[in-house]
Every structure is written in structure tokens, then in C-alpha cells.
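Please read the structure below before turning to the comments.
The values are calculated or read from the model by the stated rules, or taken from the named source; none is laboratory data. Since the model is a prediction, treat every value here as computed from it, not as a measurement. Using ideal geometry, Cβ is built from the backbone for each residue, glycine included, and neighbour counts are taken over all protein chains shown. Keep in mind that these areas ignore ligands, DNA and RNA; they rest on the heavy atoms of the full protein, side chains included. Shrake-Rupley method; radii C 1.70, N 1.55, O 1.52, S 1.80 Å.
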Amino acid sequence: MTHDHDVVLRPTEAQTRAALNPPPGRIGGDLVVETLRGLGATTVFGLPGQHALGMFDALRRSSMAYVGLRVENNAGFAADAYGRVTGEAAPLLLSTGPGALMALAALQEAAAASAPVLAIASQVPTAGLGGGRHGYLHELRDQQGSFRDVVKSVHTVRSQSQIPSAIAAAWESALTAPHGPVWVEIPQDVLLAETRLPVVTAVDATPHDLVPRPELTAVAAELLTHAARPAIIAGGGVVRADASGKLRALAERLDAPVVTTFGGKGAFPWEHPLSLQSWLEDRHTTDFLEDADVLLVVGSGLGELSSNYHTFRPRGRVIQIEADLGKLESNHPALGIHADARIALSALLETVGERTDPAAADSVRTVLAKVRERLAGQDLDAEQRILADVRAALPADAPSFWDMTILAYWAWSAWPGALHSAQGAGGLGYGFPAAIGAAAADPTRPVLAVSGDGGAMYSIAELATAKQYDLPVTWLIVDDGGYGILREYMTDAFGEPTATELARPDFVALAESFGVPAVHTSVESLREDLGKALAAPGPSVVVLPAVLRMFAPTHL
């Protein structure tokens, strides 16, 4: 019996001849590269190592672009950013053991931020697999076990015929909501052995749609339609699902104020009359959200940074739309809807009624005025000026990538629009290598990276990468002589800091030694100097010596 879905694609005569007579000189690594090309990948990131050389040799026979960084963790950050800005799975080629483990922190960030990264690592020869202690160089007893708790899925290859299907399954996993990093590992001998398998051409790895249950969206629509004081929290899931247009349409139909999380910045227009912006660490915003009788949370787990450090206590009904099943109701009881944000918002738009609330925009203006008033009493003019000048210097459509540093913590709340940061896992060193990844995705527009001096030292080696590939990345380093936020935390908690003060290089001279133009700036000249650097071709560095302060917390 023939079923409609039993579609058999018959090869042409030319395809059959090509399959029967594959070109000579191919090895297992070619199957990796051919599969990636067949999936649509155009750029790969990585760093070679002994066991992985079969993959890198195959790149020589490929049209794919390769961006090689100097540290595996930085290569992972670059792939993370490429995945964030393109929505594609970014291939990351790694070696075995130490090389693989060096990327673990970057993959944790990709997992926390739901960035699609396809990590493909080598393994010791097949004979060394299985936990035996054979003494191979780079040998781990269970390499994939080191990654299983971090990545979304693990795919192991033991023969060349398994390579295309394993990589395709990983690709599909990475791009099925919620996006995330995945892990493929292939033994050295499989990568190096000559292959007579046909050239891999088109590969089918279509991600699955995560569709909401209709009875749940019907209840949610009813609650929102009849709410007296609805409000919306928009998280990173809205950005990743490209659902900001649908979110805006829903908010306007409901006259519902919207606050974006730090990971969801850009999900809603900053100056919209219904925009509460991103002041999640301000108690005035927290109080307003707690007072909502129906709170729609889209694409956020309401974790520590999105809940004013777990002081948020909603009093009304919570509706939570979340693609990550483990985050549904993980912090607050809710009508939990397991779905991709875009599809769920589309379903709500089909059924929700229109409500009009002339007081909604007034309420938003009142909350934002209270936020401004609180800041005005804290002598923070320099911090606000610096952030405003950075925003003014950066072209409107240019992406920015922020390390874990005081200016970034300001940007989470005060930056008007989209940005990318390492606030998912919170590790240092993200900003500059991530900006390199974004520039590799689109080298026609400038990219801004922002770091402190402590975080910058994690990434100095990548000045060589930016120079080698002539990428338009401008790196703003705010030099305060140490780990500034930890200095604040320790001084507040213990009266004085320990282990936070750092010796550091002359960053301008160091950048120039790589052939990268650099300049010292000041608070007064930052806008002009940063603007010039962003307008110039290729990489550049701007160093701002400044000790910044955070605004007073409201969660204590």
C-alpha cells in the first residue's frame, strides 16, 4: 500500500553517475564539511588540534569561510553571536580533550541564551572509546559526559556512514525551539580515513514547530480580553522567534504595558507609549507588574535578573509562554503554554478581543518618571552621559556585544533597544569575540564590543583574529583598574575589596602592537572618538579610563 507521505526522490542519471564515482582524495572530514554545506552553512568557527585535522584539511576543499580564533572559548562566543544575529546554527570545530573543554563556558552561555551552536569535536581513535585508559593524547574517560549537562543534545559518530545523519540531527536539534548548542563528536581515525561514500549534497534537517495547545491559548485569550490591568513581560524568546511585530500588535490590541527583560531587549519599541522599557531592577517597575491582574510572560523563565533578584511576587493570574519546558512555572504558578513565542502570539492574535484603556499610557509615563526621579538623586550623571554617548556614536542598525562589566549592567536597564550580552551564564570575556562572530556574519556594517579591563584580558589574543580577517569591530574598553562590580560588592558587604585590583597593560600600545588602531579617550571626548573609530574600516580600540558606579539596588 502506498501512503501520501511515502515520497521517494529518485536520482537523475547524472546524480547516479556522480554517486558511483565520487572524486578521489576525500576523507571522513570531507563528509563533515559536505554535510554542513548541504545544510546551508556558509561560515565555520574553530581552532585546529591534532585529532581534528581531518575536518580542517577538508575545509581546504570547500567554499565555506573559516574564522579561526586563538582560544576555543572565544571561538564558542563568536559562534554564539553568529547564531544570535543570523538565526542559523553556527558550526564550531574543536579538537579533543583540552580543546573541547576550553569551549565549555561558551557553550554554557549559548545554552542559557538559547543560541544555536553546532559544536563538532574530534575524539581519540575508535579503539580508545568506551572509558578504557589507553593513554591517548587528550584522552578523557567520558568526553561527551562533560558536555551532556550543558548542551541540548549529544550525537556520537563511530563510522563514516553515520556522519551526515548525526550532523543533520544535531542541526535540527539546535534550531528547534528552544534553540541551543548541540554536541557532535567523531573519532580521529574516522575523520582521517579515505572515503568512497558519495559526496553529500542537500540534507534535510527541518526544525520542528513547537505549537501551543489550542485550549490553553483560548483560556489565555479570554483572561487577557477581560483583564482590568493587563501587563506583558517580553523575554529573549520573543527576539529569537522574530516575534516582536506580533508582540506589538497584541500589546496595542490589549492596551497592555510591556517591559522587556535584559535578554529580550529589542522585543518592543523603546519609545512606544506602552513601553515600560527594561527597568527590571527598579522597584517601581516591580510594583507595577505585581499589581497586574493578568500578567502575560512571553519567552522568559522569570529568573533572577528578570524578577528583581526573586523579589517579584505577582498577585494576579500569570500566563507564561515558554519554549523551554523546564522553565514553565519554574518560579511562579502560571497557565503554562509550552510553545514557540511567535506561534503562540499568532494564536492569541486570532482570538483575543480588543480592549481600550486610556489610562495605560499614563501609567507607563508615571512609572518611568518615578524611575528617573530615583536615579536623579544618586549623582550618576557621568554614567548616564557615557551610555548616551555610546548610543549616539553607534549607527542605529549596528549590533553591540557587552561583556560582564558595570557599563553593561547599566545598558541592561537603560540602553534604548536591542543588545547582546553574556547575562545568560554570566561569564567574563564574551564581548569582543562575540562581536567578531557578528562581524563575520555581516562585514558590511560596524560592530561594537564593550568590556571592562578585567574582561578584556580574557580576549586580548583575539585582536590578532580581528586584524587577520580585517573585521569592522570597535572595542570600547572601560578601564577602572580591576573587577569593578566585584569591588563594589565586596566594599558594600565587607567594607573593603580583596582580589579585585588588577595590574593591566597599556591597552592602546598593546592594540597597536597587533596593528590595530587605538586611542585613549575621556568622558568629554568619548562620543567623538568612538564615532570616528566606528566609521573607520577594520578593527579599532577605544580605551576609556573611568571608575563607574551602579545605581542603588532595590531588591535588598
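Remark: relative contact order (the chain) = 12 percent; criterion is Cα-Cα distance under 8 angstrom and separation of 6 or more residues. Taking a Cβ cut-off of under 15 Å around G83, the surrounding Lys, Arg, Asp and Glu residues balance to a net charge of -3, with basic ones at +1 and acidic ones at -1.
Measure out, as a whole number of angstrom, how far apart the alpha-carbon centroids of segment 237-290 and segment 530-550 sit. For segment 237-290 versus segment 530-550, the Cα centre distance is 30 Å. Residues in segment 165-170 carry Karplus couplings, in order, of 5, 5, 5, 5, 5, 5 Hz; the curve used is 6.51 cos²θ - 1.76 cosθ + 1.60 with θ = phi - 60°, and Gly or Pro positions show x.
Overall shape of segment 246-404 was characterised from the C-alpha gyration tensor. The equivalent ellipsoid obtained from it has semi-axes of 27, 18, 18 Å, in decreasing order.
In plain terms, the bigger the Kirkwood radius, the slower the diffusion; for segment 356-454, with that radius from Cα pairs, at 20 °C and 1.002 mPa s, Stokes-Einstein puts D at 141 µm²/s. Tell me, what % of the accessible area of the chain is carbon and sulfur with a 1.4 angstrom probe? Whole-percent figure for carbon plus sulfur exposure: 53.
For segment 309-349, the relative contact order is 36 percent, taking Cα pairs closer than 8 Å that sit 6 or more residues apart in sequence and dividing their mean separation by the residue count. Taking label points 7 Å from Cα along the Cα-to-Cβ direction, S146 and D287 give a separation of 5.1 nm. When Rg and Dmax are taken over the Cα atoms of segment 407-556, they come to 15.6, 48 Å. Just the Cα atoms of the chain, one point each, no solvent: what log10 I(q)/I(0) does Debye give at q = 0.07 Å⁻¹? Taking Cα atoms of the chain as identical point scatterers yields -0.44. Note: segment 28-69, Cα convex hull, 57 Å³ per residue. Taking θ as phi - 60° and the Karplus parameters 6.51, -1.76 and 1.60, the scalar couplings of segment 319-328 work out to 10, 10, 9, 8, 7, 8, 4, x, 8, 5 Hz in sequence order, x denoting glycine and proline. Can you check what the net charge comes to around S153, using other residues whose Cβ is under 14 Å from the Cβ of S153 (Lys, Arg +1; Asp, Glu -1)? Charge balance in the 14 Å sphere: -2. The GluC sites (Glu not before Pro) found in segment 344-388 that occupy coil by DSSP, while having at most 11 further C-beta atoms within 10 Å, are E354. Close amide H contacts of Q320 (hydrogens built in the peptide plane, cut-off under 5 Å, sequence separation of 5 or more or a different chain): V297, L335, G336, I337. The alpha-carbon of K532 sits under 21 angstrom from the alpha-carbons of these lysines, leaving out residues fewer than 8 places away in its chain: K467.
Near K532: Cβ cut-off under 15 Å, other residues only, Lys/Arg at +1 and Asp/Glu at -1. The net charge is -3. Between segment 370-395 and segment 441-484, what is the C-alpha centre distance in whole Å? What the calculation gives is 23 Å, centre to centre.
Computed on the Cα trace of segment 73-221, the radius of gyration divided by the Kirkwood hydrodynamic radius gives Rg/Rh = 1.04. Taking a straight Cα-Cα cut-off under 20 Å and skipping sequence neighbours fewer than 8 places away in the same chain, the lysines within cross-link reach of K327 are K152, K265. Quick note on segment 71-146: its Rg to Rh ratio, both from C-alpha atoms and Rh being the Kirkwood radius, is 1.04. From Cα pairs below 8 angstrom and at least 6 apart in sequence, can you work out the relative contact order of segment 477-556, rounded to a whole percent? Across segment 477-556, relative contact order equals 35 percent.
For V541, the residues whose amide H sits under 5 Å from its own are W475, A518, V519, ignoring neighbours fewer than 5 places away on the same chain, with H placed 1.01 Å from N. Take the Kirkwood radius over Cα pairs of segment 271-340, plug it into Stokes-Einstein at 37 °C and 0.692 mPa s, and you get 263 µm²/s for translational diffusion. For the chain, the solvent-accessible area with a 1.4 angstrom probe is 41 square angstrom per residue.
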